[in-house]
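Inspection log for the structure reproduced underneath, given as C-alpha cells.
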Amino acid sequence: MSDCGTRAVSVIGFIGSVFSPWYKWSGRKSPQNHVCINVATYGPGGRFTMTDRGRSALRQTASRLEVGPSSMRWDGERLVIDIDEVSSPPLINRICGQITVTPSAISGVELPLSPDDAHIWRPFAPVSRIAVDIDRPGWQWTGEGYFDANFGTRALEEDFSYWTWGRFGTSRGATCFYDATRLDGSELAAGYAFDPDGIATPLPLPPKTPLRRSLWAVARETRSDPGFTPHQTLSMLDAPFYSRSAVRTKLDGDIVTGVHEALDLRRFRNPLLKPMLALRVPRRGKWCFS
C-alpha cells in the first residue's frame, strides 16, 4: 500500500493457477501448464491482469521465476518484479514497469493450514518497503510492503469452506491473522506479531468482528479490540467468491490499517462460476520465449 493510503498493488506468481478455470477444467494434473503472474493495481486507473499460460512460458531457477514476459527475481536483498502484462476486459491496457519489495528481515515462520500439511503458509517478509514504478501517471510511489507464499498439494476447495487473512502494519512491525473453516468443520485461528528483525511472536487472539459484506455480498470478518468496529478504507478486488480491501481496525489499543482478504470457497465450487472467470482469466497456452 502507498504511504498516502490511496493506491495499492498486488502481484502473485502461480505455478498451478488455483483460481484459473482452465486449470480446473484440465483436471489440475499439470500445474506447470497453468502458470501466471497476476498483477492488480488499486486506486485511480487501477487494472487487473491474470493470463493463464502454458508450460512453454515457464522458466525457473533458485532465485528467479519467469512467466511469459513478466518475472520475479531475488537479488539477495530484495525481490525485483518486472511486469509486462495486458489487463482483462473491459479495460484492456498494457501494464509495464518494475516493483521492488525490500524486507527488513526474513521470517522463519511456516504455518500448516491443514492437519496433514497439505496446505502451508509461509510469510517470508511481513515487514517490508515497496517501490512501484509503472508506466502511467501517478503510479510511481513507495509504501508498506509484504511478501509471503502459499503451498498446497490439493485444491483449496477440497479442504476449506471459508477463510480470512489480514496483514496490518503496526508501530512495532506488523501483525498477521489467519482464520479458516475447514470442510470437516474444524477451525484454524492464528495470529503473529512480527518485529523488524523477522522475529515472530504468537498472539493472544482478539475477537472476530464482522465487517460489512463486499459488493458481491461475500461475508467478511477480521480481528479487533473489543468495542471497535473495523471498516473498509479502500476497495481493491471484488469477485463473487473473493474480496480484497484495505481495512482499519484496532489492535492492542492502536488504530491500524492493513490489507484484508476473505475467500468463500463454497461459492468458488459452483461450476457456473467458471465461465464467468474465463472472461477475466484468458488462456494463452502457446506463448514462447523469443
Throw me the Rg/Rh for the chain, computed over C-alpha atoms with Kirkwood Rh, two decimals. 0.93
For region 7-116, what is Rg from Cα atoms divided by 2.2 N^0.38 Å, rounded to two decimals? 1.16
I want to verify the translational diffusion coefficient of region 7-59 in µm²/s; compute it with Stokes-Einstein, Rh as the Kirkwood radius over Cα pairs, at 37 °C and 0.692 mPa s. 282
Accessible carbon and sulfur surface of region 122-243 relative to its total accessible area, %, 1.4 Å: 56
Starting from the amide H of residue 129, placed 1.01 Å from N in the peptide plane, find each other amide H under 5 Å away whose residue is 5 or more places distant or on another chain. 102, 104, 145
Could you give the nm distance between label points at residue 171 and residue 106, where each point is 7 Å from its Cα heading toward the beta carbon? 3.2
Find the lysine pairs in the chain meeting two conditions, Cα atoms under 22 Å apart and a separation of 8 or more places or different chains, and report how many there are. 6
Relative contact order for region 1-78 using alpha-carbon pairs under 8 Å, separation at least 6, rounded to a whole percent? 23
Tabulate in residue order the Karplus-calculated ³J(HN,Hα) for region 112-118, using 6.51 cos²θ - 1.76 cosθ + 1.60 with θ = phi - 60°, rounded to whole Hz; enter x for Gly and Pro. x, 8, 10, x, 9, 6, 6
At a 1.4 Å probe radius, carbon and sulfur cover how many percent of the accessible area of region 60-121? 51
Could you give each residue of region 251-266 its phi-based ³J(HN,Hα) in whole Hz, using Karplus coefficients 6.51, -1.76, 1.60 with θ = phi - 60°, and x for Gly or Pro? 10, 6, x, 9, 7, 9, 10, x, 8, 10, 10, 10, 10, 9, 7, 5
Sequence-separation-based contact order of the chain, relative, with Cα cut under 8 Å and 6+ spacing, percent: 16
If we sort 272-283, 45-56, 142-153 on the protection proxy, mean other Cβ atoms within 10 Å, highest first, what's the order? 45-56, 142-153, 272-283
Rounded to one decimal in nm, the spacing of the 7 Å Cα→Cβ label points at residue 158 and residue 136 is 3.8
What does the helix-only formula give at 222 nm for the chain: each DSSP H stretch with n ≥ 4 adding -39500 (n - 2.57), the total divided by the residues, and the result rounded to the nearest 500 deg cm²/dmol? -1500 deg cm²/dmol
For region 112-261, the Cα convex hull volume per residue in Å³ comes to 139
Using every Cα-Cα pair within region 79-146, state what percent have a distance larger than 14 Å. 69
Kirkwood Rh in Å, taken over all unlike Cα pairs in region 58-103: 11.6
Find the Cα radius of gyration of region 176-276, compare it with 2.2 N^0.38 Å by division, and give the number to two decimals. 1.17
Accessible surface, the chain, averaged per residue in Å² (probe 1.4 Å): 46
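The values are calculated or read from the model by the stated rules, or taken from the named source; none is laboratory data. All figures in this text were calculated on a predicted structure; none of them were measured in a lab. FYI the Cβ positions are ideal-geometry reconstructions off the backbone, even for glycines, and counts take in every protein chain you see. Ligands, DNA and RNA are excluded from the accessible area calculation, which covers all protein heavy atoms including side chains. Shrake-Rupley method; radii C 1.70, N 1.55, O 1.52, S 1.80 Å.
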